[in-house]
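See structure below.
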Amino acid sequence: MNLKRLVNSQTVNYVSRFNGRLLYMYPYCISRDFSAISASAPPSIYSSSIDDRTLAHSPNFSKHNFLFKRCLHSAQQTTLRELSFKPKFNFKDSEEDDGTMNEFLSRFVWIMRGKLSEVYVDCDKQTIDSMLLIIVDKVVSELEKGSLERMLGATVAIPSEDFSEDLWKTVWEVSNSVLEDMEKERKKEKMKGFLQSEEVKEMCRFAGEIGIRADMLRELRFKWAREKMEESEFYASLEKLREEERAQEKEETDGKSAETMSEMAIMGEEKPKFISLPKRHGKIRYKIYGLDLSDPKWAQAAETIISSEEPKPIHGKSKLVNEKILSLREEDDPSPLLAEWVELLQPSRVDWLTLLDKLKEKNMSLYFKVAEILLSEKSYQPNVHDYYVLIDSHAEKNRLEDIERILKKMNENGIQPDILIAKALAHLHCKAGNPDRAKAIFEGLRSDGFKQVMTVYNTMIMAYVNAGQPKLGESLMREMEAEDMKPTEEICMALLRSFAQRGDVGGAGRIATTMQFAGFQPNLESCALLVEAHAQAGDPDQARSNFNYMIKVGHRPDDRCTAIMIAAYEKKNWLDKALDLLLQLEKDGFEPGPATCTVLVDWLGKLQLVDEAEQLLGKISEQGETPTVKIHISLCDMYARAGIEKKALQALGVLESKKEQLGLDDFERVIYGLIAVGFVQDAYRFHGLMEAQGFTASAHLKVALMASQAFSCR
């Protein structure tokens, strides 16, 4: 842009015309020395363009001291408090507009001074101030014609007779940039107010309670404040349009009323038009779980449920009966009192609900009993929700018999279970260990067209995991993925744990791959479960490979993971490799814990290394741990086979006291150990405890018992 041609000859001639007027309008923009300028200055000073360097060297021009004072940024000593009066502009004669104009001129002069100083490097400050004074006068004259918003809305500068095209374009660009900056500052200040509004604070408090913190909470706070600000501006614009419409109608009415009285009467009868949001065309369609909630029947149902009916006042004999009902005990039968209460009060559903609320506060057991009786009461008008409340309450406490009784009554009354009842039953059967019945309900919901939700899938998967059927749980997880539902990390870990405990290497590998694609990073537990899967499958080499990979990715093996690896070597009786692993881990600061010591005691006991096993047992006691049932099983077997009868019987006594914690394999191992050393009577006694716990001995164990008895008779 060529700013060298800033001012044409007409501009210079224009200086003499507005010179005196500028002193009156902008006393805050120049110093008091400006009054010394002679009004009759020689015209030769203005005879040429400012580009002419003779202007700057003229002796008469040096008398002119145009010192422009910026409102906020000026470094001059003269302040607004030193001025004899304040400037006034003819925009709206309000303090707000004066402040806005002062801020605009301050920013404008600051930027424009820099641009002029860059172009006219040789000009002194007085010359730059003279140029600025001319430019500011022209800008203010343009602003007097309209407003600041008018300049902001203009995208193309209108040519001026006083300024060159390049200068006027620069002035207009600076003006618009200043107004844009002012608008940004205004929005920023407005945003601060909305950030401190009560609605935004309440939403932030709620977000903090549910666990949202740090940067995410800050982003949400600004988002909510911005939405509130946009909403406020939207309604403010609507109100402005409404006011403009009213003003326009008023002008039209006044103009027509001046013509004839009849027209004024007609206009007086017209209703004012208001600007409003556009009306929505068409009918709202809203569906949830296959139900079309836009159907008019749901509005009727809502009117029925949301009733203004109030309960009847209870007094006299009905009040006495009501108090007797509330004072009943859990084992009492409320039916006679309820029948008497119905005869006296003739209650409606609202009266029954009031009575149930009081019972719920005093006695929950009595509440369930009365609520179940009311399912057959016509005046109560029971609906499917009443059945669901009872079924869900009983399901939380695993009361399967009560639920079956309520379902039977539900079928007798011809009420079909809804999706909420079906889900409650599915959860109940899953917790009770009946995945097949839960699966039947699950498939029934699917056949009815209901879309399954994450909670139902998670419950079904956990039911299969607890029932020892992880493959069926995995198939449900694949169905979730097909429906674009991402399985949670807890579900994946439960399936991985179940596969690992059963030694299913393929299933564990598939789940680990799924977790990796789902974005779940391998942790210590998932790596340990992969080691366990290979250990249970009898592949210690592959288990060691996964163990080394776990160390490579930065997870330090804990006591449980090390115990799993040692147990894998125990199955193959690779004692040298187990000791090598322990020595390597001890160099890295690892100390065997209770889990590792338990595996080593069991292994050494099988090898009849009694002294070494007792040393490890002492180490467990030093760590403050109590020997587990598994250790006592190992000790009983070891002492029995070593012929140390006293210690064997001591360990056997401990196991008899903890028989509830023993499994089938544990019982059989102890019995085999007792038979091996001829403790036949103890073996038979322990076999009796085994059958009392509901376990059936294997055919091999029965033969061993019979053989031991035959040999003992000889």
### Task
Work out, in µm²/s and without decimals, the Stokes-Einstein translational diffusion coefficient of the range 311-354 at 37 °C, 0.692 mPa s, Rh from Kirkwood over C-alpha pairs.
305
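Grab the beta carbon distance between Glu489 and Gln126, set R0 = 60 Å, and tell me the FRET efficiency rounded to 0.05.
Rounded to the nearest 0.05, the efficiency is 0.20.
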### Message
Taking the Cα of Lys201, stepping 7 Å toward and past its beta carbon, and measuring to each backbone N in the range 220-241: which are under 19 Å?
### Response
220-229
### Query
Tell me, what is the FRET efficiency for Lys319 and Glu443 to the nearest 0.05, using R0 = 51 angstrom and their Cβ-Cβ distance as r?
0.45
### Query
Using a 1.4 Å probe on the protein chains only, how many percent of the accessible area of the range 578-714 belongs to carbon and sulfur?
53
### Summary
Once all protein chains are kept in place, Arg560 shows an accessible area at probe 1.4 Å, nearest 10 Å², of 110
### Task
Please report Rg over Rh for the range 375-416, where both radii come from the alpha carbon positions and Rh follows the Kirkwood definition.
0.97
### Query
How far apart, in nm, are the 7 Å Cα→Cβ label points at Asp357 and Ile644?
7.2
### Query
With r defined as the distance between the Cβ atoms of Tyr684 and Thr513 and R0 fixed at 41 Å, what FRET efficiency is calculated, to the nearest 0.05?
0.20
### Query
When each pair of different Cα atoms in the range 393-506 is counted once in the 1/r mean, what is the Kirkwood radius in angstroms, to one decimal?
15.0
### Task
Would you mind pulling out the separation of the Cα centroids of the range 555-601 and the range 329-371, in Å?
65
### Query
Let a ≥ b ≥ c be the square roots of the eigenvalues of the Cα gyration tensor of the range 618-659; is it rounded (a/c under 1.5), or, if not, prolate (a/b larger than b/c) or oblate?
oblate
### Message
Compute and list, largest first, the equivalent-ellipsoid semi-axes of the range 491-607 from the alpha carbon gyration tensor, each √(5λ) rounded to a whole angstrom.
### Response
24, 16, 11
### Summary
Residue span Glu180 to Asp332: 0.36 nm per residue of separation minus Cα-Cα distance leaves a gain in nm of 46.7 nm
### Task
Enter the accessible area of Lys647 (Å², nearest 10), with the probe set to 1.4 Å and all protein chains included.
80
### Message
Distance cut-off 26 Å, Cα to Cα: go down the list Lys187/Lys240; Lys362/Lys423; Lys317/Lys378; Lys125/Lys188; Lys201/Lys423; Lys571/Lys619 and report the pairs above it.
### Response
Lys362/Lys423; Lys125/Lys188; Lys201/Lys423
### Task
Tell me the label-point distance for the pair Val553, Lys115, using the 7 Å Cα-to-Cβ offset, in nm and rounded to one decimal.
6.2
### Query
Rolling a 1.4 angstrom probe over the protein heavy atoms, how many square angstrom per residue are accessible across the range 651-714?
56
### Query
Given 0.36 nm per residue, what is the gain on full extension from Leu217 to Val384 after removing their alpha carbon distance, in nm?
56.0 nm
### Query
For the range 328-369, which trypsin sites (Lys or Arg not before Pro) are in a loop by DSSP, counting at most 11 other Cβ atoms within 10 Å?
Arg329
### Query
What are the extents of the Cα atoms of the range 562-625 along their three principal axes, listed from largest to smallest and rounded to whole Å?
30, 28, 17
### Message
Step by step: find N for the range 348-421, compute 2.2 N^0.38 Å, then divide the Cα radius of gyration by it. What's the final number?
### Response
1.05
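If the convex hull of the alpha-carbon atoms of the range 474-514 is projected onto planes in all directions, what is the mean projected area in square nanometres? Walk me through the intermediate numbers first.
Numbers: hull surface 10.3 nm².
For the Cα atoms of the range 474-514, the hull's average projected area reads 2.6 nm².
The values are calculated or read from the model by the stated rules, or taken from the named source; none is laboratory data. Treat the numbers as computed from the prediction; the structure is a model and nothing was measured. As a convention, Cβ positions derive from the backbone with ideal geometry for all residues, glycine included, and neighbour counts pool all protein chains shown. To get the accessible areas, we keep the full protein, side chains included, count just its heavy atoms, and leave off ligands, DNA and RNA. Shrake-Rupley method; radii C 1.70, N 1.55, O 1.52, S 1.80 Å.
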